[in-house]
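To start, the structure under review is shown below, and the notes come after it.
The values are calculated or read from the model by the stated rules, or taken from the named source; none is laboratory data. Just so it is clear, the model here is predicted, and its values are computed rather than measured. Cβ sites come from the backbone with ideal geometry, for glycine too, and all protein chains shown count toward neighbours. Areas reflect the complete protein model, heavy atoms only, side chains present, ligands, DNA and RNA absent. Shrake-Rupley method; radii C 1.70, N 1.55, O 1.52, S 1.80 Å.
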Amino acid sequence: MADLNDPVRLAELHGAMLRTDADALLDACVARAARLARAPIAFVSLVIRHIQLLRAHHGLPLELAVSCATSRSNSFCQLVVRDEVPLIVDDALRDERVPKELVESYGIRAYAGVPVRVRGHAIGSLCVLDVVPRRFDPRAIDGLEQLALEVAGRLSDLVERDAPLGSADVQERLVRIEQATRVLERALLALAPVIAAAESAAGARPQAPSVDAMHATPTALVTLASLRAAVGCWRDMGSVADGLCDEAAAVASLAPAASGLVAAARVLARGLAEVGPLVRLAEGVLEGTLEEVAAERGRAVVLRGALEAHEAASAAVSEIRAGALRARAETSGAAASSRTP
């Protein structure tokens, strides 16, 4: 049985794996999975600390397709990753193993999921779901396991494709890392009140709060302008964080003093990925592409852990900056010593 919070397992979830942009090969895999099992819904999930990120999907309700996530505690896929074996559920309403929130909210009744493994670690699941009780053909499960190998290969390829090129100018890269942390810190500050407001509203009014209630906090009112600014900040953070992760990996390969930057950068990336679903739902409401009732259903299954994920990302940014400053001092001192006759 695997530990879902094993740092070694979580460390495999980084880089392009955590993006939500469409990937043709992953999309093709989930479409094939749905056809193979004759199921209306299929997706690739990546099981992180607080959420399962839906990296590719087919047939999802709109709000889940927008958020690209559900809470990990609500998910069936967490059981696939925990046990590292396929999970088959003929009738979720009667199966005591599985959480019931998605059953009640979306009528999910049948599920079949197989592990997706990267470098020996189960990082997620390829699964199919149905809204009626049913049995899955064993041949379909075999086919899902073969498709899961393709999914794992594609996820690994995405990360390797984005691997940074080496550079001899370690000091210049460390300066860029420090500058990026300052940008990210400001953006995270803009997100904090919006996430706290959503948490507060959910706690005070667990059943379908209004847009105004969602923005209310005990101490302040989060305006629509603030919400729009927060969404913009989160969008901007994605490219900055990707660049920072690339710089950290490149520096760590050249300067042992900077080895801790990679782990902190991956914590940051996971934190941003786990805050992302809440922001995407807010964006859908702001743009008019998602009705408030649907958005509220989506928020109910991704809100848990968002504040903690934001705090983890903020702490990681501080750790990266401190590590970059230490590495700059150490590498600068080493360079000066090498020049001393």
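Within the stretch 167-192, being of a type in the set (Asp, Glu) and either closer than 13 Å to Ser314 by Cβ or open to solvent by less than 20 Å² (accessible area, probe 1.4 Å) (or both) holds for one residue alone: Glu185.
Counting only residues that are under 21 Å from Leu155 (Cα atoms), surrounded by 15 or more Cβ atoms within 10 Å (Cβ to Cβ) and not basic (Lys, Arg), the stretch 80-111 holds 3 of them. Can you pull out every residue in the stretch 36-50 that is among the small types (Gly, Ala, Ser) and either part of a strand (DSSP E or B) or at positive phi (or both)? Listed by number, the residues that qualify are Ala42, Ser45. Considering only residues in the stretch 112-139 that are among the β-branched types (Val, Ile, Thr) and either buried (at least 22 other Cβ atoms within 10 Å of the Cβ) or closer than 17 Å to Val44 by Cα (or both), the one that is nearest to the chain's Cα centre (by Cα) turns out to be Ile123.
Selection of the stretch 90-105 for residues being touching a strand residue (DSSP E or B) at 6+ places or on another chain (Cβ under 9 Å) and in contact (Cβ under 8 Å) with a residue 60 or more places away in the chain yields Glu101, Leu102. Looking only at residues of the stretch 276-291 that are without any contact (Cβ under 8 Å) to a residue 12 or more places away in the chain and either part of a loop (DSSP other than H, G, I, E, B) or among the basic types (Lys, Arg) (or both), we find that the one that is surrounded by the fewest Cβ atoms within 10 Å (Cβ to Cβ) is Gly288. Out of the residues in the stretch 145-161 that are open to solvent by less than 20 Å² (accessible area, probe 1.4 Å) and in contact with a helix residue (DSSP H, G or I) (Cβ under 6 Å, 6 or more places away or on another chain), which is modelled with the lowest pLDDT? Within the stretch 145-161, the match that is modelled with the lowest pLDDT is Leu158. Just one of the listed residues (Leu60, Leu87, Leu54) is over 27 Å from Glu283 (Cβ atoms), without any contact (Cβ under 8 Å) to a residue 60 or more places away in the chain, among the hydrophobic types (A, V, I, L, M, F, W, C) and out of contact with any Asp or Glu (no Cβ under 9 Å at 6 or more places or on another chain), namely Leu87. Looking across Ala264, Ala273, one residue alone is assigned to a helix (DSSP H, G or I), free of Cβ contacts under 8 Å to residues at least 60 places away in the same chain and under 21 Å from Leu53 (Cα atoms). It is Ala264.
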